[in-house]
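S.K.: Quick one: the structure is below, questions incoming.
The values are calculated or read from the model by the stated rules, or taken from the named source; none is laboratory data. Note that the coordinates shown come from a computational prediction; the quantities given were computed from them, not determined experimentally. Using ideal geometry, Cβ is built from the backbone for each residue, glycine included, and neighbour counts are taken over all protein chains shown. Accessible surface areas use protein heavy atoms only, side chains included; no ligands, DNA or RNA. Shrake-Rupley method; radii C 1.70, N 1.55, O 1.52, S 1.80 Å.
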Amino acid sequence: MSKTNNTNSRIADNKKAAFNYFFEERFEAGMVLHGWEVKALREGKAQLTDGYVLIKNGELFLLGCQINPLKTASTHVNPDSARIKKLLMKKDEIRRLIGKVEQKGYTLVPINLHWKNGLAKCDIALAKGKAEHDKRDVIKEREGKREVERAMKVHTR
């Protein structure tokens, strides 16, 4: 069996996060995973849409990340697709994140899961929530771009 993943390949993206939050800073964190989870990630069976990062006792945990088990996974394992996963970062980075989250009203949001040198990594962002009018502006901008593309497509025919 040949390895199909290159050094930096995406597993899953959280597109909803960019719509709901302004990203201030981005960080890369390692993940503590079980064997069946790694196998499922290699098959792309992950979903980050409702994921968020929780800080507890000076450690980071990823909640709401669904990793759906493979049917061919080991029979002696009882997989839990919504298991809480521990994130690994340097202690000083975690302390800085804790300070920002507690003081300034930021939140930590997972952006994507990817492979880096054969290890599963999670990009997380220090983010502030968008107000409703900011979300409406994003929708208007997206609709405007679609209209321009449609007009250009008709014009070029």
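S.K.: Name the residues in the range 106-124 that are assigned to a strand (DSSP E or B) and open to solvent by 30 Å² or more (accessible area, probe 1.4 Å), would you?
M.R.: Across the range 106-124, the qualifying residues are Thr107, Lys116, Leu119, Lys121, Asp123.
S.K.: Determine whether Lys135 is assigned to a helix (DSSP H, G or I), open to solvent by less than 100 Å² (accessible area, probe 1.4 Å) and in contact (Cβ under 8 Å) with a residue 40 or more places away in the chain. Even if it seems obvious, please write down each step before you answer.
M.R.: Numbers: assigned to a helix (DSSP H, G or I): yes; open to solvent by less than 100 Å² (accessible area, probe 1.4 Å): yes; in contact (Cβ under 8 Å) with a residue 40 or more places away in the chain: yes.
Considered against the rule, which asks whether it is assigned to a helix (DSSP H, G or I), open to solvent by less than 100 Å² (accessible area, probe 1.4 Å) and in contact (Cβ under 8 Å) with a residue 40 or more places away in the chain, Lys135 comes out as yes.
S.K.: Of the conditions (1) in contact (Cβ under 8 Å) with a residue 12 or more places away in the chain; (2) surrounded by fewer than 16 Cβ atoms within 10 Å (Cβ to Cβ); (3) not in a loop (DSSP other than H, G, I, E, B), Lys153 fails just one. Which one is it?
M.R.: The one condition Lys153 does not meet is (1).
S.K.: Just to be sure I understand the filter: pairs with C-beta atoms under 7 Å, separated by 6 or more residues or on different chains, first member in the range 57-68 and touching a residue at least 12 places away in the same chain (Cβ under 8 Å) and among the β-branched types (Val, Ile, Thr), second member crowded, with 16+ Cβ neighbours inside 10 Å and assigned to a loop (DSSP other than H, G, I, E, B). Which pairs pass?
M.R.: Between residues of the range 57-68 that are touching a residue at least 12 places away in the same chain (Cβ under 8 Å) and among the β-branched types (Val, Ile, Thr) and residues that are crowded, with 16+ Cβ neighbours inside 10 Å and assigned to a loop (DSSP other than H, G, I, E, B), the close pairs are Ile67/Lys45.
S.K.: Okay, moving on. Inspect the range 73-82 for any residue being small (Gly, Ala, Ser), buried (at least 16 other Cβ atoms within 10 Å of the Cβ) and under 19 Å from the mean Cα position of the chain (by Cα) and give the result as yes or no.
M.R.: No.
S.K.: Let me ask another. Before we move on, is Lys39 surrounded by 14 or more Cβ atoms within 10 Å (Cβ to Cβ), assigned to a helix (DSSP H, G or I), at pLDDT below 85 and out of contact with any Pro (no Cβ under 7 Å at 6 or more places or on another chain)?
M.R.: Details: surrounded by 14 or more Cβ atoms within 10 Å (Cβ to Cβ): yes; assigned to a helix (DSSP H, G or I): yes; at pLDDT below 85: yes; out of contact with any Pro (no Cβ under 7 Å at 6 or more places or on another chain): yes.
Against the criterion (surrounded by 14 or more Cβ atoms within 10 Å (Cβ to Cβ), assigned to a helix (DSSP H, G or I), at pLDDT below 85 and out of contact with any Pro (no Cβ under 7 Å at 6 or more places or on another chain)), Lys39 qualifies.
S.K.: Do you know which residues across the range 84-105 are closer than 17 Å to Asp50 by Cα and open to solvent by less than 60 Å² (accessible area, probe 1.4 Å)? Outline the logic, then answer.
M.R.: First, pick out the residues of the range 84-105 that are closer than 17 Å to Asp50 by Cα: 84-87.
Of everything in the range 84-105, those that are closer than 17 Å to Asp50 by Cα and open to solvent by less than 60 Å² (accessible area, probe 1.4 Å) turn out to be Lys85, Leu87.
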